[in-house]
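Structure record follows, encoded as structure tokens.
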Amino acid sequence: MPGYEVERAAIAITIDFLCLLYPTNKLNCSWSFDKLNEDARLSVSISICDDEKLVKSDSSPAVSHVGSRLLILQEYKELNVVLKFNVTLHRNWTVYSYSYNMETLEVLLPPPKLSAVINGSNLLVSWALPRNQLNSSNSCFEYQLDLGDQEKPRELATVLSYTEQNVDPSQTYSVRIRTRMTGLCQEHQQWSEWSLTVIVEQSLNELNILGIVSISLGIPMILLAAALMVRHQRVMKVLFPPIPRPPPKYIHFLEKNDTLGPVHAAPSVKPAEEEITEVEDTEPNSGKAF
Ligand SMILES: *[C@@H]1O[C@H](CO)[C@@H](O)[C@H](O)[C@H]1NC(C)=O
Ligand SMILES: *[C@@H]1O[C@H](CO)[C@@H](O)[C@H](O)[C@H]1NC(C)=O
């Protein structure tokens, strides 16, 4: 019985497949058949309906067991995609058919209008509601916010802003965000691309202004202080000239005769005085000889 063999063949294989609809109207359907007999032939057909009308169909009669097909779509309103795999082995074939609707397929664009500022010690990040084809409400989106701070992205849902407290004022933050729909709104959740990175530096916040002011005031102050110290030293030299220190061998002597002080030095001067004052009239009669 052919049906039986098909059934057995079907049990043996594992099919992994996914169709994703990207923001630029690109539909990427990919598949991977694991444990499929090497002799099995695989064909894939993709049918796209918009508002229940067939708008595109694509058939690939012999494809590899792992592959993908990319289709570019026109503008659409309400998409439905039917994916059919026909596996043929030894003249037996079986068809696996799957149907997707738009909510399941859609990959979002990253949230728009990402902005980040540092206010005091807080990093404030905000963004706008992502746009999707069905105009879902805020409760349908969840986010990953990467602050570029070597930590795990912050996991957020149903909010449009985030405050990181006690931020390191010396750090530069590279903020980016991505989004996906929550499990309640989309069965096969798929993260969007990361947004462009917003760099938040400390350049114009209060702390830095304080820093600039203190640097610009600080340098002249240091120079002034240095100039004053140099001048002070000169003034000190004039007011209090350095006291000459006697050679070490006299120190002991000076300490012992401390009470005598300067008086002790006088006798050494006396002999010179005596020489000057001594007048001798040795030849009183010399004039009388002429
Ligand atoms: C389609 O998706 C598959 C699987 O994720 C990937 O390998 C492939 O590069 C994608 N193709 C394009 C054109 O994006
Ligand atoms: C599956 O493929 C086989 C041949 O490879 C073909 O005879 C058969 O009609 C196909 N079935 C469907 C439903 O397309």
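The values are calculated or read from the model by the stated rules, or taken from the named source; none is laboratory data. Keep in mind the model is a prediction, meaning the values are calculated, not measured. Here the Cβ positions follow ideal geometry from the backbone for every residue, glycine too, while neighbour counts run over all protein chains shown.
So for segment 110-129 (the condition being away from ligand 2 (no atom under 16 Å from the Cβ), more than 26 Å from Glu201 (Cα to Cα), of a type outside the set (Ser, Thr, Tyr) and without any contact (Cβ under 8 Å) to a residue 60 or more places away in the chain), does at least one residue qualify? Within segment 110-129 (the criterion being away from ligand 2 (no atom under 16 Å from the Cβ), more than 26 Å from Glu201 (Cα to Cα), of a type outside the set (Ser, Thr, Tyr) and without any contact (Cβ under 8 Å) to a residue 60 or more places away in the chain), the answer is no, since none of the residues qualifies. Here is the figure for segment 191-208: residues that are part of a loop (DSSP other than H, G, I, E, B) and at pLDDT 90 or above total 7. Being of a type in the set (Gly, Ala, Ser), surrounded by 11 or more Cβ atoms within 10 Å (Cβ to Cβ) and either touching a residue at least 12 places away in the same chain (Cβ under 8 Å) or in contact with a strand residue (DSSP E or B) (Cβ under 8 Å, 6 or more places away or on another chain) (or both) is the requirement here; does Ser170 meet it? No, not satisfied. Looking only at residues in segment 23-37 that are surrounded by fewer than 19 Cβ atoms within 10 Å (Cβ to Cβ) and outside any loop (DSSP other than H, G, I, E, B), the one that is farthest from ligand 2 (Cβ to nearest atom) is Lys26. Asn92 meets each of the listed conditions (1) over 17 Å from Leu20 (Cα atoms); (2) within 16 Å of ligand 1 (Cβ to nearest atom); (3) at pLDDT 85 or above apart from (2). Taking only pairs six or more apart or across chains, which ones have beta-carbon atoms under 7 Å, a first residue in segment 146-159 that is under 14 Å from Trp194 (Cα atoms), and a second residue that is in a loop (DSSP other than H, G, I, E, B)? Within 7 Å, the pairs are Asp146/Pro153. Among the residues of segment 69-114, write down those that are exposed (fewer than 15 other Cβ atoms within 10 Å of the Cβ), of a type outside the set (A, V, I, L, M) and more than 30 Å from Ser137 (Cβ to Cβ). Passing the criteria: His90, Arg91, Ser97. From the list Asn80, Asn28, the lone residue that is at pLDDT 90 or above, in contact with a Phe, Trp or Tyr (Cβ under 8 Å, 6 or more places away or on another chain) and within 27 Å of Pro130 (Cβ to Cβ) is Asn28. Close Cβ contacts (under 9 Å, 6 or more residues apart or on different chains) running from residues in segment 93-108 that are farther than 20 Å from Asn37 by Cα to residues that are within 15 Å of ligand 2 (Cβ to nearest atom) and among the hydrophobic types (A, V, I, L, M, F, W, C) comprise Tyr98/Val82; Tyr98/Leu83; Tyr98/Phe85; Ser99/Val82; Ser99/Leu83; Tyr100/Val82; Tyr100/Leu83. The residues in segment 123-147 that are modelled with pLDDT of 90 or more and either more than 21 Å from Pro23 (Cβ to Cβ) or basic (Lys, Arg) (or both) can be counted, and the count is 5.
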